[in-house]
1. Can you tell me which residue is surrounded by the most Cβ atoms within 10 Å (Cβ to Cβ) among those in segment 66-81 that are touching a residue at least 40 places away in the same chain (Cβ under 8 Å) and more than 17 Å from residue 55 (Cβ to Cβ)?
2. Would you check which residues across segment 141-196 are assigned to a loop (DSSP other than H, G, I, E, B), in contact (Cβ under 8 Å) with a residue 60 or more places away in the chain and surrounded by 13 or more Cβ atoms within 10 Å (Cβ to Cβ) and list them?
3. Taking segment 10-30 as the search range and keeping residues that are in a loop (DSSP other than H, G, I, E, B) and touching a strand residue (DSSP E or B) at 6+ places or on another chain (Cβ under 8 Å), which one is surrounded by the most Cβ atoms within 10 Å (Cβ to Cβ)?
4. Looking at segment 112-128, can you tell me whether even one residue there is surrounded by fewer than 17 Cβ atoms within 10 Å (Cβ to Cβ) and either part of a helix (DSSP H, G or I) or at pLDDT below 95 (or both)?
5. How many residues does segment 74-110 contain that are closer than 28 Å to residue 156 by Cβ and either in a loop (DSSP other than H, G, I, E, B) or touching a strand residue (DSSP E or B) at 6+ places or on another chain (Cβ under 9 Å) (or both)?
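The values are calculated or read from the model by the stated rules, or taken from the named source; none is laboratory data. Predicted model, so just to flag it, every value in this text is computed and none were measured. Every residue, glycine as well, gets a Cβ built from its backbone with ideal geometry; the counts of neighbours run over all protein chains shown.
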């Protein structure tokens with residue numbers, strides 16, 4: 001495992017077994033004061049995005065008007081209730097993601113997609129900038145058929161913009177959300193707790209306003 005290629009997806013059979021016990025967190029967002037856990041107030045919807053290191057990615061979304069709360073965690077892999085160290089090993093199949101609870105009366109899913117594309121480079125495969133590994137891959141995990149259609153449409157538009165700029169092919173994974181696992185408490189709203197902490201978010205100007 002020490003010498004495993006962390007940019008190569010682990011198979012389901014080889015993934016770590018994980019555990020049945022979910023991660024215990026406070027569930028209170030340090031910025032909004034709102035809950036990060038269900039049940040939620042009526043009328044809210046959820047979205048899940050992976051765009052590199054989840055510390056900076058979460059801040060991008062909690063700053064959006066109409067976002068009720070955000071949480072960081074893991075999705076897209078095999079290991080139930082993984083730890084951060086396990087995800088970093090490349091042996092769980094998960095990528096770092098942000099769970100966004102939002103009010104569609106104030107911000108639409110399509111607007112969140114535009115924020116997603118503008119906030120990273122979706123053509124980098126199993127990395128984002130200097131952060132390398134399957135945990136940093138670009139991903140949209142959809143929560144309904146409507147979200148799946150919107151994600152596919154926005155991806156096609158983003159690819160046209162990349163083509164016009166002479167850039168690469170989008171490698172973003174778009175798939176139904178199977179499970180979201182909350183990350184450890186210290187990762188939640190990390191850049192609020194550590195204002196000078198690391199942020200790897202680097203967008204592409206050609207995708208702003210998609």
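1. Residues of segment 66-81 touching a residue at least 40 places away in the same chain (Cβ under 8 Å): 66-67, 69-81.
Add one more test, that the residue is more than 17 Å from residue 55 (Cβ to Cβ), and what stays is 66, 76-81.
On the way: 66: 15, 76: 24, 77: 26, 78: 21, 79: 22, 80: 16, 81: 15.
Only one residue tops the list, namely 77.
2. 143, 177, 179, 180, 183, 184, 188, 189
3. Here is the first cut: in segment 10-30, the ones in a loop (DSSP other than H, G, I, E, B) are 10-27, 29-30.
Now restrict to residues that are touching a strand residue (DSSP E or B) at 6+ places or on another chain (Cβ under 8 Å): 22-23, 25, 27, 29.
Details: 22: 10, 23: 17, 25: 18, 27: 15, 29: 21.
So the residue we want is 29.
4. Looking for residues that are surrounded by fewer than 17 Cβ atoms within 10 Å (Cβ to Cβ) and either part of a helix (DSSP H, G or I) or at pLDDT below 95 (or both), one finds none in segment 112-128, hence no.
5. Of the residues in segment 74-110, the ones closer than 28 Å to residue 156 by Cβ are 74-77, 93-110.
Next, only the ones that are either in a loop (DSSP other than H, G, I, E, B) or touching a strand residue (DSSP E or B) at 6+ places or on another chain (Cβ under 9 Å) (or both) stay: 74-77, 93-109.
Qualifying residue count for the region: 21.
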